[in-house]
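The values are calculated or read from the model by the stated rules, or taken from the named source; none is laboratory data. For clarity, every value in this text was computed on a predicted model and none was experimentally measured. Cβ placement follows ideal geometry from the backbone for every residue including glycine, while neighbour counts extend to all protein chains displayed.
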Amino acid sequence: MNNYTPMIQQYLQVKSEYADAFLFFRLGDFYELFFEDAIRASQILEITLTSRAGGSVERIPMCGVPHHAAQNYIETLIQKGYRVAICEQTEDPKQAIGVVKREVVRLITPGTIIEGKNMDGKTNHFIASAEEIDENCYAYAYLDLSTGEGTSVILTGTEKNLIQELQALSIRELVVPEQLFVLLSDLAEAHSILLSIEETKLELNTNKLFVEQNPIDVHGVCHRLVTYLHRTQKRSLDHIQPFKFQEREELLTIDFHSKRNLELVQSIRGGDQKGSLYWLLDETMTAMGGRKLKQWLHQPLANRTKIEERLEIVTEMLEAYFIRADIRETLKEVYDLERLIGRISFGTASGRDLSQLRQSLIQIPLIKEKLKESAKPALIKAANNLDECLELLNMLKEAISDHPPLSVKEGDIIRDGFHARLDELRYAKKNGKDWISALELKERERTGIKGLKIGYNRIFGYYIEITKSNIHLADLTRYERKQTLANAERYITDELKEKESLILTAEEESLVLEYSLFVDVREQVKQYIPQVQKLAAKVSELDVFSSFAEVTDHYRLTKPTFHDGLDLTIVNGRHPVVEKMMNKQHYVPNDCVLSSEENMLLITGPNMSGKSTFMRQVAITVIMGQMGCYVPAEKALLPVTDQIFTRIGAADDLAAGQSTFMVEMLESTYAITHATERSLLLFDEIGRGTSTYDGMALAQAMMEYIHTEIRANTLFSTHYHELTQLEKHLDKLRNVHVAAIEQNGKVVFLHKVKSGPADKSYGIHVAELAQLPEPIIVRAREILQELETVKEHESKGKQSTVNEQLTFFQESKKQPEEIKKEPITDGVLSSIREIDITGTTPMKALQFLYELQQKIGK
Ligand SMILES: Nc1ncnc2c1ncn2[C@@H]1O[C@H](COP(=O)(O)OP(=O)(O)OP(=O)(O)O)[C@@H](O)[C@H]1O
């Protein structure tokens with residue numbers, strides 16, 4: 001029977017409310033963990049597991065971390081996907097009667113952590129909530145707690161699509177009602193998303209959350225999310241901005257796989273930023289700009305007017321070269337306004353944060369001036385949109401000192417002249433200190449001891465120190481001995497005591513007053529939160545535009561022209577990232593022309609020739625253009641594309657336990673069911689994960705369907721040369737190939753896209769390049785030759801060449817009678833299956849064989 005001490009009982013009570021979190025229980029200078037928490041945490045954090053008596057028969061497992069070093073340990077746990085509840089002492093232990101009162105002051109989770117070494121300034125850190133609003137229809141909302149930016153979305157699709165969309169936003173925590181928790185738990189776990197339950201939905205200040213045109217369907221999720229944040233964060237969340245509803249029609253939708261395949265923010269190999277489009281495009285000067293650029297990469301526009309507006313600003317930025325350079329220099333001085341505002345809202349901002357806010361605001365008039373100086377209409381408009389927040393700036397200028405320290409309790413935050421009483425106290429303090437310096441001089445003169453000094457320590461206060469060798473020179477009747485050191489004595493005098501108390505009282509009082517003045521100022525800044533947030537949004541956009549102009553200069557980009565039709569013409573297009581990575585080799589530019597007459601290209605060519613690079617570069621051109629950025633081509637005429645779907649490369653989904661082929665089929669299904677004639681489809685080697693005929697049949701059927709039903713701009717690459725025959729049957733399909741030539745028995749890739757199908761597969765050459773062992777290469781050549789001989793014979797003689805098989809497949813819909821030949825073979829098989837071998841004589845067996853031969857027409 002356990003008879004726990006009152007403190008352990010208190011612990012158990014709190015823990016029962018936070019069963020799914022590690023409870024960091026404050027005991028003096030430590031956070032302690034007990035019982036099961038202690039055992040697990042000691043393993044994960046590699047800290048010593050001890051135990052303590054707690055009133056029970058057995059000792060209680062325990063481990064702890066010093067409170068000042070807790071942040072690192074907390075981050076480690078959060079990084080691994082756990083929750084941490086911080087339980088603090090909420091009364092002064094000296095005043096406590098019985099056990100000190102304790103309360104959980106904050107629940108930290110993967111979605112709500114806002115500071116730490118894993119928080120990259122240029123990356124948003126979102127938490128999301130979701131609800132099912134209809135069959136295969138979800139509403140979700142996501143928000144960056146550090147900046148207060150929220151977005152709401154309605155998604156038509158399965159729960160898998162939902163999870164994938166969240167994964168594309170790198171969301172690590174999803175807040176759901178219980179019923180959805182059950183449905184999503186496996187999927188979420190497979191994608192490392194922590195599910196949290198929030199049943200209640202407070203009707204929180206509705207107007208504030210929804211000034212934008214959010215449909216009713218998303219109100220629930222937004223409220224659920226904010227309720228969860230209030231419940232767990234237990235502090236002011238004034239910086240949460242109205243959720244913006246994502247109008248799908250206004251944006252170019254790029255599904256999760258395509259974002260990955262196209263390496264928009266991460267490279268596929270290694271998963272880091274290097275090698276991604278973001279890596280190429282990011283020349284932003286501020287963290288806010290970096291985050292904005294990522295948002296635009298995730299969601300390019302699909303509204304021609306808006307795209308053209310952005311392009312116009314970039315054009316003007318390009319023309320105003322020197323002004324742009326100045327603006328970029330000035331932007332360097334602008335701190336992360338959004339996260340500063342977040343800290344102000346939480347009440348965790350320091351004096352230094354306020355001085356950074358001031359420093360940033362000081363830059364705004366300079367930026368405005370530069371923009372106006374350009375005398376360019378779009379830049380002038382941008383300047384007019386920048387609000388200098390003058391009232392706030394003046395307040396910060398008046399209140400905050402030039403170089404406030406990080407600590408908020410050690411003074412030096414408030415500027416002289418801001419508050420009369422503070423000035424008085426500071427004067428008294430200063431005066432007292434001056435008096436002491438004067439006393440030091442006076443005492444030296446009086447005693448003739450040069451080395452006499454007046455010092456201060458926390459225990460004894462001010463003292464006069466005289467080394468032992470000089471003591472005989474002093475008139476000790478005036479001094480009272482305080483402390484004896486090895487080689488000196490320390491004394492005080494009544495006068496000194498009096499001044500000391502004056503100085504210390506003034507000091508203490510001024511620190512208390514200064515802190516409260518600082519908190520006041522910080523509170524007052526809160527009323528400017530929306531204003532600063534609006535400014536931050538504008539500044540970050542400017543930063544992105546200037547970054548676009550920079551990359552245009554660096555990588556020879558061109559302004560694309562958009563039109564309302566569907567034709568797409570790219571002249572001498574390039575894949576900018578592949579080009580940048582190529583390291584001095586020459587990138588071969590290629591054209592891509594898709595028109596209403598021919599909107600489907602079937603691309604053939606040897607492995608490694610550049611088929612997928614070509615397809616990717618078309619998609620990347622479209623994405624860059626619709627972000628409002630110039631594009632990597634000599635000329636580009638683009639339609640406004642609504643969605644991009646890709647099926648490129650071997651994107652494995654092993655976490656979800658699916659085979660590569662299954663993933664390929666799922667992605668294809670998703671593309672085919674969602675695409676419209678305004679979409680861009682990129683299919684790379686569909687069907688290669690199964691047997692040749694299966695694969696070919698599927699590829700062809702898909703092409704036919706896209707060609708006649710969807711009619712979207714499509715690039716299709718294949719190794720099945722037989723498919724090139726389709727050009728005869730599908731009038732909008734055109735064959736192109738990526739050229740390669742053979743030189744001295746070796747393949748040379750030209751990387752040039754040319755009309756017509758490729759005539760040869762160079763697989764063995766590529767294998768040779770990859771240094772597959774010589775005997776295998778030699779043997780492969782032999783086999784290839786044999787196969788080609790057989791193929792030749794067959795085509796001269798009987799019916800079943802691959803090409804004709806294909807034609808048969810194509811026409812199978814029209815000629816059902818041909819299919820009827822199949823059951824004959826079926827009949828043969830079933831007779832063989834049914835024969836009773838033990839009851840069959842040799843003679844009967846021979847007869848049976850003869851009949852079979854007749855059936856199959858020998
Ligand atoms: N236009 C180009 N100019 C120069 N080099 C190129 C070009 N396109 C591709 N390459 C080079 O060729 C390599 C292979 O390209 P890619 O992966 O597109 O080939 P692929 O034909 O799709 O190959 P596979 O059929 O094996 O998938 C690229 O990594 C790049 O280095």
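With the condition being touching an Asp or Glu at 6+ places or on another chain (Cβ under 6 Å) and within 20 Å of ILE78 (Cα to Cα), I'd like the strands (runs of 3 or more DSSP E) fully within the range 90-187 carrying at least 3 qualifying residues.
Values: elements: 102-108, 126-134, 137-144, 149-156, 173-176.
Result: empty, no element qualifies.
Scanning the range 398-434 for residues that are loosely packed, with under 14 Cβ neighbours inside 10 Å, under 15 Å from GLN359 (Cα atoms) and either in contact with a strand residue (DSSP E or B) (Cβ under 7 Å, 6 or more places away or on another chain) or not acidic (Asp, Glu) (or both) turns up just one, HIS403.
Exactly one residue out of VAL519, VAL512 is surrounded by fewer than 20 Cβ atoms within 10 Å (Cβ to Cβ), more than 31 Å from the chain's Cα centre (by Cα) and within 29 Å of ILE362 (Cα to Cα): that is VAL519.
Residues satisfying the criterion are absent from the range 799-809 (criterion: at pLDDT 75 or above, within 47 Å of the chain's Cα centre (by Cα) and surrounded by 14 or more Cβ atoms within 10 Å (Cβ to Cβ)).
Scanning the range 704-719 turns up at least one residue that is of a type in the set (Phe, Trp, Tyr), within 16 Å of the ligand (Cβ to nearest atom) and in contact (Cβ under 8 Å) with a residue 40 or more places away in the chain. For LYS482, the conditions (1) more than 60 Å from the chain's Cα centre (by Cα); (2) part of a strand (DSSP E or B); (3) crowded, with 18+ Cβ neighbours inside 10 Å are fulfilled apart from (3).
Okay, residues lined up against (1) surrounded by fewer than 15 Cβ atoms within 10 Å (Cβ to Cβ); (2) within 14 Å of the ligand (Cβ to nearest atom); (3) not assigned by TED's automatic domain parsing to the domain that holds VAL618:
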site: HIS729; (1), (2), (3): yes, no, no
site: LEU733; (1), (2), (3): no, no, no
site: VAL738; (1), (2), (3): no, yes, no
site: LYS746; (1), (2), (3): yes, no, no
site: HIS751; (1), (2), (3): no, yes, no
site: VAL778; (1), (2), (3): yes, no, yes
site: ARG781; (1), (2), (3): yes, no, yes
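Would you confirm whether any residue within the range 577-588 is crowded, with 23+ Cβ neighbours inside 10 Å and either more than 6 Å from the ligand (Cβ to nearest atom) or in a helix (DSSP H, G or I) (or both)? Yes, the conditions are met somewhere in the range 577-588. LEU502 meets the conditions (1) in the same structural domain as GLU398 (by TED's automatic domain parsing); (2) in contact (Cβ under 8 Å) with a residue 60 or more places away in the chain; (3) surrounded by fewer than 20 Cβ atoms within 10 Å (Cβ to Cβ) in every case but one. The failed one is (1). Considering the range 608-619, the residues that are buried (at least 24 other Cβ atoms within 10 Å of the Cβ) and in a loop (DSSP other than H, G, I, E, B) include one that is farthest from the ligand (Cβ to nearest atom), namely SER609.
Going by the structure shown, is VAL622 among the aliphatic types (A, V, I, L, M), within 15 Å of the ligand (Cβ to nearest atom) and at pLDDT 95 or above?
Values: among the aliphatic types (A, V, I, L, M): yes; within 15 Å of the ligand (Cβ to nearest atom): no; at pLDDT 95 or above: yes.
Answer is no for this residue.
Being within 16 Å of the ligand (Cβ to nearest atom) and under 22 Å from LEU318 (Cβ atoms) is a condition met by no residue of the range 647-666.
Please indicate, with yes or no, whether at least one residue in the range 381-389 is assigned by TED's automatic domain parsing to the domain that holds PHE545, in contact with a helix residue (DSSP H, G or I) (Cβ under 9 Å, 6 or more places away or on another chain), in a helix (DSSP H, G or I) and surrounded by fewer than 16 Cβ atoms within 10 Å (Cβ to Cβ). For the range 381-389, residues assigned by TED's automatic domain parsing to the domain that holds PHE545, in contact with a helix residue (DSSP H, G or I) (Cβ under 9 Å, 6 or more places away or on another chain), in a helix (DSSP H, G or I) and surrounded by fewer than 16 Cβ atoms within 10 Å (Cβ to Cβ): present.
If you check LEU155 against the conditions, is it without any contact (Cβ under 8 Å) to a residue 40 or more places away in the chain and surrounded by 14 or more Cβ atoms within 10 Å (Cβ to Cβ)? Judged against the criteria, LEU155 is a match. Being touching a residue at least 24 places away in the same chain (Cβ under 8 Å) and crowded, with 16+ Cβ neighbours inside 10 Å is not true of ASP564.
So if I check each of PHE545, PHE562, which one is part of a strand (DSSP E or B), under 26 Å from ILE313 (Cα atoms) and more than 16 Å from the ligand (Cβ to nearest atom)?
Details: PHE545 fails: part of a strand (DSSP E or B).
The match here is PHE562.
Could you list all residues from the range 565-576 that are within 16 Å of the ligand (Cβ to nearest atom) and either out of contact with any Ser or Thr (no Cβ under 6 Å at 6 or more places or on another chain) or among the basic types (Lys, Arg) (or both)? Even if it seems obvious, please write down each step before you answer.
Kept after step one, since they are within 16 Å of the ligand (Cβ to nearest atom), are these residues of the range 565-576: 570-576.
Within the range 565-576, VAL571, ASN572, ARG574, PRO576 meet the criteria.
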